[in-house]
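> Take a look at the following structure, please.
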Amino acid sequence: MIKRLAVALFLLAATAFNLSAGSMSFTGTLSSPEDVFETTFNLTAAETVTIQTWGFGGGTNASEQVILAGGFDPLIALFDGPVATATIATDGAGNPLADADNLLNPPWSFVGNCPPAGTVGIGTDNDCGDDFMQVALDAGMYTLVLTDANYIPSAVFDDGSLAEGFLDLTGGSFQTCDPVSNACITPDSSYAVDILSSPSDLVTTPEPSSLSSLGIGLAALAVLKTSGKRRRSPTEKKGHFIHDAETDPAKLKQDPSRYCD
């Protein structure tokens with residue numbers, strides 16, 4: 001009985017819809033701003049992969065599911081390898097493959113998914129918070145990490161491993177601010193994300209880490225860091241910057257004005 005209940009709760013925590021072998025759509029909720037969604041996928045050949053989110057502004061995902069606006073402002077980051085040994089993926093210039101509206105990480109961030117995702121009114125502005133990434137990848141295994149934009153994988157600052165943990169700027173709540181309007185909103189914990197590629201070469205296996213919200217607990221990540229990183233050539237899509245950014249000591253920049261007290 002306990003095992004069946006655990007399986008049922010797991011299915012409720014994160015749902016994957018498969019429109020074809022080349023497109024996967026994931027929807028769900030995080031238990032807190034410090035929770036993480038992870039999914040691992042394999043490419044059997046070199047392919048261009050597109051990752052796009054819908055939870056903040058809403059829209060229609062790759063599985064033709066209508067996503068309502070109102071979810072948290074997301075961050076997406078792509079890692080090489082499975083969760084236990086994952087290291088941040090980088091492009092040919094060494095830039096981490098990470099996108100969020102509070103990061104300045106050209107050419108990957110910030111690139112918004114608006115349109116087709118919607119914008120959200122914050123004060124007098126209509127802001128795009130959903131992310132878009134399109135990148136040419138080698139064959140192999142990858143892990144996609146999705147978090148609240150204020151819960152940033154430490155690996156993006158030092159080209160490190162997922163096991164390093166996260167920089168927590170959430171203040172314990174889901175919140176998105178527009179410094180131009182001097183206004184903030186408190187979205188809910190919903191997310192929606194697509195992974196798209198060639199139907200013949202993409203195989204996905206969801207590994208959501210939201211199990212903590214179910215009282216099941218998480219297995220500890222093995223602290224094993226791989227040294228080699230495959231290099232990518234970015235396929236750019238014109239984005240929409242919400243905020244200007246200040247320089248961080250690392251090559252990745254962050255916008256402190258986005259965080260409200």
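> Any idea how many residues of the range 24-38 are among the polar types (S, T, N, Q) and at pLDDT below 95?
1
> Return the residues of the range 146-162 that are in contact with a Ser or Thr (Cβ under 8 Å, 6 or more places away or on another chain), more than 17 Å from Phe37 (Cβ to Cβ) and not in a loop (DSSP other than H, G, I, E, B); say none if nothing qualifies.
Ser161
> Could you grab me the full set of residues in the range 165-182 that are within 17 Å of the chain's Cα centre (by Cα) and surrounded by fewer than 24 Cβ atoms within 10 Å (Cβ to Cβ)?
Gly165, Phe166, Leu167, Asp168, Leu169, Thr170, Phe174, Gln175
> One residue is enough: does the range 116-124 have a residue meeting the conditions small (Gly, Ala, Ser), under 17 Å from Val36 (Cβ atoms) and touching a strand residue (DSSP E or B) at 6+ places or on another chain (Cβ under 7 Å)?
no
> Got at least one residue in the range 36-53 being under 13 Å from Leu146 (Cβ atoms), touching a residue at least 60 places away in the same chain (Cβ under 8 Å) and small (Gly, Ala, Ser)?
Looking through the range 36-53, none of the residues is under 13 Å from Leu146 (Cβ atoms), touching a residue at least 60 places away in the same chain (Cβ under 8 Å) and small (Gly, Ala, Ser).
> Please verify whether the range 176-192 includes one or more residues that are among the acidic types (Asp, Glu), modelled with pLDDT under 95 and either assigned to a helix (DSSP H, G or I) or within 23 Å of Ala89 (Cβ to Cβ) (or both).
No; the residues of the range 176-192 include none that is among the acidic types (Asp, Glu), modelled with pLDDT under 95 and either assigned to a helix (DSSP H, G or I) or within 23 Å of Ala89 (Cβ to Cβ) (or both).
> Quick one: which strands (runs of 3 or more DSSP E) lie wholly within the range 26-137 and hold at least 1 residues that are among the aromatic types (Phe, Trp, Tyr) and crowded, with 20+ Cβ neighbours inside 10 Å?
37-43, 74-80, 132-137
> Hey, can you tell me all the residues within the range 67-112 that are of a type in the set (S, T, N, Q) and modelled with pLDDT of 90 or more?
Thr85, Thr87, Thr90, Asn95, Asn102 - these are the residues of the range 67-112 that are of a type in the set (S, T, N, Q) and modelled with pLDDT of 90 or more.
The values are calculated or read from the model by the stated rules, or taken from the named source; none is laboratory data. Worth saying up front: this structure is predicted, and the values here are computed from it rather than measured. Every residue, glycine among them, receives a Cβ derived from its backbone with ideal geometry; neighbour counts consider all protein chains shown.
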